[in-house]
Amino acid sequence: MAIIDTITLDVADTEAAARFYSAAFGLGADRLRLCAAAEPSTGFRGFTLALTVARPADVDSFAASAVAAGATVVKPAAKSLWGYSTVLRAPDGAIWKLATSAKRNTGPATRRIDEFVLLIGVADFAATKKFYVGQGLEVAKSFGRVYAEFESAGGPVKLALYRRKALAKDLGVDPEGSGCHRLTVNGDGAGEAGYADLDGFRWAAAAA
């Protein structure tokens, strides 16, 4: 079964981005890698990186540290049918969602990340789901032709699919965008040559 090893983000300033992600979320190169951006990108890049945590206090704690480090709030923290969440934009432009299924606090913030999820917005949901199954990913959850989540197989990053317009609406951003996604998925299922999926998301061999 394919495992996602790390995510690489293309950023304008790798040192500044490294400081931000360490201060905001405590993320390092074991999960998130950074490289200098070379290709143009405008508008919505078609994905969000989501951190799933235990309780609302954790969402608020991570959001506070992220804003203090330079993030901007796209969608303020609020309860929903699914729990409690907020959406932020990092200084490099990547959109992050902090979420928990809990609606009430049962204790103080732990700042523990339960899941690190790459959620990509796709043009043709059925075709992209079939494509990833063909690449060795196993579907863990699927809700019609709207959302699918794949088994992480013990890897540090989980992949999920959502329709592009629906994802943009959930995040509170305009769905229009063009150019490079500025993201590469590193995993042992990509082979030495790597590949691009149906929406142009790049996959490369697991990072050394």
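Can you confirm whether the range 42-58 contains a residue that is on the phi > 0 side of the Ramachandran plot and more than 18 Å from the chain's Cα centre (by Cα)? No: the range 42-58 contains no residue that is on the phi > 0 side of the Ramachandran plot and more than 18 Å from the chain's Cα centre (by Cα). Among the conditions (1) surrounded by fewer than 17 Cβ atoms within 10 Å (Cβ to Cβ); (2) closer than 24 Å to Val157 by Cβ; (3) aliphatic (A, V, I, L, M); (4) modelled with pLDDT under 95, the only one that Ala36 does not satisfy is (4).
Once the range 78-112 is narrowed to residues that are under 13 Å from the mean Cα position of the chain (by Cα) and among the aliphatic types (A, V, I, L, M), the residue that is nearest to Phe143 (Cα to Cα) is Ala99. Listed by first and then second residue, the pairs with beta-carbon distance under 6 Å, at least 6 apart or on different chains, first residue in the range 1-30 and closer than 24 Å to Ala109 by Cβ, second part of a loop (DSSP other than H, G, I, E, B) and hydrophobic (A, V, I, L, M, F, W, C), are Tyr21/Leu27. Of the residues making up the range 151-208, those that are part of a loop (DSSP other than H, G, I, E, B), of a type in the set (D, E, K, R), at pLDDT 95 or above and surrounded by fewer than 15 Cβ atoms within 10 Å (Cβ to Cβ) are Asp174, Glu176.
The lone criterion from (1) over 16 Å from Val122 (Cα atoms); (2) touching a Gly at 6+ places or on another chain (Cβ under 9 Å) left unmet by Ala168 is number (1). On the stretch given as the range 72-113, residues that are assigned to a strand (DSSP E or B), among the hydrophobic types (A, V, I, L, M, F, W, C) and surrounded by 15 or more Cβ atoms within 10 Å (Cβ to Cβ) total 8. Does Asn186 meet the test of being polar (S, T, N, Q) and closer than 17 Å to Thr48 by Cα? For Asn186, the condition - polar (S, T, N, Q) and closer than 17 Å to Thr48 by Cα - is met.
Of all residues in the range 129-144, one or more are under 22 Å from Leu171 (Cα atoms), in a loop (DSSP other than H, G, I, E, B) and of a type outside the set (A, V, I, L, M).
For the range 40-71, enumerate the residues that are of a type in the set (D, E, K, R), more than 25 Å from Val185 (Cβ to Cβ) and not in a helix (DSSP H, G or I).
Kept after step one, since they are of a type in the set (D, E, K, R), are these residues of the range 40-71: 45, 55, 58, 60.
Narrowing the set further to residues that are more than 25 Å from Val185 (Cβ to Cβ) leaves 55, 58, 60.
Within the range 40-71, just Arg55 meets the criteria.
The values are calculated or read from the model by the stated rules, or taken from the named source; none is laboratory data. Treat the numbers as computed from the prediction; the structure is a model and nothing was measured. Note that we place each Cβ from the backbone using ideal geometry, even for glycine, and neighbour counts take in every protein chain shown.
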